[in-house]
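Visitor: Before we start, here is the structure in question, set down as structure tokens.
The values are calculated or read from the model by the stated rules, or taken from the named source; none is laboratory data. Because the structure is a prediction, the values reported are computed rather than measured. Note that we place each Cβ from the backbone using ideal geometry, even for glycine, and neighbour counts take in every protein chain shown. Ligands, DNA and RNA are excluded from the accessible area calculation, which covers all protein heavy atoms including side chains. Shrake-Rupley method; radii C 1.70, N 1.55, O 1.52, S 1.80 Å.
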Amino acid sequence: MWNYAQLSQIAKKCGGPVGLVAAIATSCLACGIVIGTAGTQLVQKVKKENTIKQEASEKDSEE
């Protein structure tokens, strides 16, 4: 639970309640972008490794 006095001080530093909400939204958006980028890179890496393994397996079965 938030301490109202502390919340008020934080809001004041952010330019009021609207500024505080905007700061929180911006932080969430930034985190989402970082997580999304990392997730995309991970999926691409796994897909590439899987393709390499599959091609190697197909070569072995041809021989």
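Visitor: How large is the helix-only mean residue ellipticity at 222 nm for the chain, computed as the sum of -39500 (n - 2.57) over DSSP H runs with n ≥ 4, divided by its residue count, in deg cm²/dmol to the nearest 500?
Guide: -32000 deg cm²/dmol
Visitor: Using +1 at the Cβ of each Lys and Arg and -1 at the Cβ of each Asp and Glu in the chain, identify which of 28, 42, 57 lies farthest towards the dipole's positive end.
Guide: Checked the options; the winner is 28.
Visitor: Per residue, how large is the accessible surface of the chain? Use a 1.4 angstrom probe and give square angstrom.
Guide: 92
Visitor: Okay, moving on. With a 1.4 Å probe and every protein chain kept in, tell me what percent of the accessible surface of the chain is carbon plus sulfur.
Guide: Ligands and nucleic acids excluded, carbon and sulfur reach 63 percent.
Visitor: For the chain, what ratio Rg/Rh do Cα atoms give with a Kirkwood hydrodynamic radius?
Guide: For the chain, the value is 1.52.
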